[in-house]
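These notes are about the structure you will find just below.
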Amino acid sequence: NTAVVIGIPGSGKSVFLHSLICNAAIKYSPDELRMYLIDFSGVEFNSYALGKLPHARVIAPEAEREFGLSILNELVEEGSRRMALCREHNVSNIVDLKRVAPGIKIPRLLVIIDEFQKLFEVDNDPIAKEANSKIHIIIQEFRKFGINLVLATQKLPTSSFLPRDLIANRVVFKSAPNDFDSLISSEDRSGMPRLRTGQCVYNSESGAAYANEIVQGFFTSKSDLDKLMSKIRDFESGFSYEREPLKVFRSGDLPVFEERRQEEHHKSVAPIPYIVPVYFGESIAVSDFDVYVELVKENANNILITGGEADIARNIAFNAMRSAVASHADDTAKIVVINGMRVDNSLNVKIIEFANSAPCDFTIASSNKDVEDVLKVLREEIDLRRSDETVPQQHIYVTCFDFQSIRALDKDTSGSMPKLSTAAKDMDHIIRNGASVGVFVIAQTDTLDGLNRVSNSSPLSMFNFRIALQMSEDMSYKIVGNPLANKLFVFNRPSSRFRGYVRDNARNLTVKFKPYK
């Protein structure tokens, strides 16, 4: 069955959810019940993650909208699979399926989503629309296949996304009068009764007045939870069963580059690889692999990283460079760093350490003279490769840090009218023509103004792959085609600083991610 649970802070809603989880864990074995515990508030369910609740398939103490939506998609896929199994065995529900096919392990799924209204906090955006569709499908079609939703909130969403008519079970603690009236009918129209902390109105008949019951919920303390987790682990040790991997999502935990989850075909190396995967971090949505783009020798296959806090953006560029080199056999790739950072920036040390240890040719240009010389050589190399296909085309990764501060790219103001500098013209030539012959640009800049200095026409179209961190709405439209990057930072969630979108024009894909440390 599906239930909606509502209660203002301090009403007892969270304690009720803990009691529900604990009772379910005590009554059913992990073979009989799987739980998805998702919390958008960032304060509940952590005890179950630390205690590794055996029944849990997913625990998200600090969920985000994209993560929640990906779980709903996973549930719809599982519901479709179960529907097909029932059809195959000529039964109409999970109970009959277990009877006619006892060898099939098909546990019930209990899905608890606390503060579910966060899915709908942006009216009519793609996430809200898709979440609405998936919740309707799960409630309407998959209840009889053992998928049960508990949707909990402090306040109902202002939009009409919640399918109230489809939810028979309603548990209402102290709440706003409008929310109470929208869920519960009273025979004398007296509205919400006086409820003590922990008391609720329970109604299993879609809010009908005759079915109201005032119930005092059980009290479950943090100490009770910890003791129960310990006892369940001890009890579990005496049994053997096939446990699914537990997925834990914590908003503040950043992935580690050395532990990146790669597609299997990305793990091979070659002197001149046909495809070079570049990994950026972990997807916010559930995914078996980290977020990446694939560089191949085609025009515009360059990478732009912009917006956000400079240190975070620089680190993404640094790891992108490391990721590209990992696809090459030793001493077959070349890195050229065009460095606009201040000399006291700590990333300079990491770059030098990588240069000394990486099995590839490495050049660092910081001064105006060095930048001019390096860009001239790169332009000549590109022209040579374009005119003579027999010239070896080893990959070169031109990685630019603080692009906006590379002074050699500033306009020449020595004459009566400012004009592009020679270095700027060379950089523009590299961006526009290099990728097709294996010279790829990875550029990190604070804004597009810094990038536009190298050309009289914006080179943005020459970057098929774009990483957008927090930025203005207008800039977000230019970089990823929508305003999403303007809403990455959430004031009361520090981890939101470490969020970005990867726009992959080659696959028409935009993915929210958290970058490597």
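Quick notes
- Here segment 22-39 is the region considered, the condition is being at pLDDT below 95 and among the hydrophobic types (A, V, I, L, M, F, W, C), and the residue that is surrounded by the most Cβ atoms within 10 Å (Cβ to Cβ) is ALA25.
- Sole residue being more than 30 Å from VAL490 (Cα to Cα), of a type in the set (Val, Ile, Thr) and loosely packed, with under 15 Cβ neighbours inside 10 Å, chosen from VAL91, VAL43, VAL95: VAL95
- Taken residue by residue, segment 424-434 has at least one member that is over 33 Å from the mean Cα position of the chain (by Cα), open to solvent by 60 Å² or more (accessible area, probe 1.4 Å) and at pLDDT 95 or above.
- Restricting attention to segment 345-396, the residues being closer than 22 Å to ALA313 by Cβ, open to solvent by less than 60 Å² (accessible area, probe 1.4 Å) and in a loop (DSSP other than H, G, I, E, B) number 2.
- Applying the set (1) surrounded by 15 or more Cβ atoms within 10 Å (Cβ to Cβ); (2) more than 30 Å from PHE249 (Cα to Cα) to GLU213 leaves exactly one unmet item: (1).
A quick yes/no check of all residues on (1) free of Cβ contacts under 8 Å to residues at least 12 places away in the same chain; (2) crowded, with 19+ Cβ neighbours inside 10 Å; (3) assigned to a helix (DSSP H, G or I):
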| site | (1), (2), (3) |
| --- | --- |
| GLN140 | no, no, yes |
| LYS144 | no, no, yes |
| LEU151 | no, yes, no |
| LEU156 | no, yes, no |
| LEU162 | no, yes, no |
| ASP165 | no, no, yes |
| ARG170 | no, yes, no |
| SER175 | no, yes, no |
| ASP181 | yes, no, yes |
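- Index of the failed condition, LYS222 passing every other in (1) surrounded by 12 or more Cβ atoms within 10 Å (Cβ to Cβ); (2) in contact (Cβ under 8 Å) with a residue 12 or more places away in the chain: (1)
- Residue, modelled with the lowest pLDDT, within segment 40-97, restricted to residues that are among the small types (Gly, Ala, Ser) and within 22 Å of the chain's Cα centre (by Cα): GLY42
- Qualifying residue in segment 483-495 (condition: closer than 16 Å to ASN301 by Cα and either at pLDDT 95 or above or touching a helix residue (DSSP H, G or I) at 6+ places or on another chain (Cβ under 7 Å) (or both)): no
- Residues in segment 81-104 that are under 30 Å from ILE284 (Cα atoms) and either among the β-branched types (Val, Ile, Thr) or out of contact with any Phe, Trp or Tyr (no Cβ under 8 Å at 6 or more places or on another chain) (or both): ARG81, ALA84.
- Residues satisfying the stated conditions in segment 459-479, i.e. buried (at least 16 other Cβ atoms within 10 Å of the Cβ) and either within 24 Å of GLU62 (Cβ to Cβ) or small (Gly, Ala, Ser) (or both): ILE467, ALA468, LEU469, GLN470, MET471, SER476
- Residue selected from segment 193-204 under the condition without any contact (Cβ under 8 Å) to a residue 60 or more places away in the chain and touching a strand residue (DSSP E or B) at 6+ places or on another chain (Cβ under 9 Å), by the criterion farthest from ARG164 (Cα to Cα): ARG196
- ILE382 under 32 Å from the mean Cα position of the chain (by Cα), at pLDDT 95 or above and β-branched (Val, Ile, Thr): no
- Checking ALA131 against (1) touching a His at 6+ places or on another chain (Cβ under 6 Å); (2) surrounded by 20 or more Cβ atoms within 10 Å (Cβ to Cβ); (3) aliphatic (A, V, I, L, M), the condition it does not meet: (1)
- Scanning segment 256-285 for residues that are out of contact with any Pro (no Cβ under 7 Å at 6 or more places or on another chain) and assigned to a strand (DSSP E or B) gives ALA270, VAL276, PRO277, VAL278, TYR279, SER283.
- Top-ranked residue in segment 98-113 [being within 13 Å of LYS144 (Cα to Cα) and open to solvent by 70 Å² or more (accessible area, probe 1.4 Å); ranked as modelled with the highest pLDDT]: ARG108
- Taken across segment 193-212, residues that are in a loop (DSSP other than H, G, I, E, B), among the basic types (Lys, Arg) and out of contact with any Phe, Trp or Tyr (no Cβ under 7 Å at 6 or more places or on another chain) do occur, with at least one present.
- Subset of segment 319-344 [assigned to a helix (DSSP H, G or I) and open to solvent by less than 10 Å² (accessible area, probe 1.4 Å)]: ASN319, ALA320, MET321, SER323, ALA324
- Boolean, LYS118 is basic (Lys, Arg) and under 19 Å from the mean Cα position of the chain (by Cα): yes
- Residue list for segment 286-317, restricted to those being of a type in the set (Gly, Ala, Ser), part of a loop (DSSP other than H, G, I, E, B) and open to solvent by 30 Å² or more (accessible area, probe 1.4 Å): SER287, GLY308
The values are calculated or read from the model by the stated rules, or taken from the named source; none is laboratory data. Keep in mind that what you see is a predicted model, and the values were worked out from it rather than measured. Quick reminder, even Gly has a Cβ in these numbers, built from the backbone with ideal geometry, and neighbours come from all protein chains shown. Please note that ligands, DNA and RNA were not included when accessible areas were found on the heavy atoms of the full protein model with its side chains. Shrake-Rupley method; radii C 1.70, N 1.55, O 1.52, S 1.80 Å.
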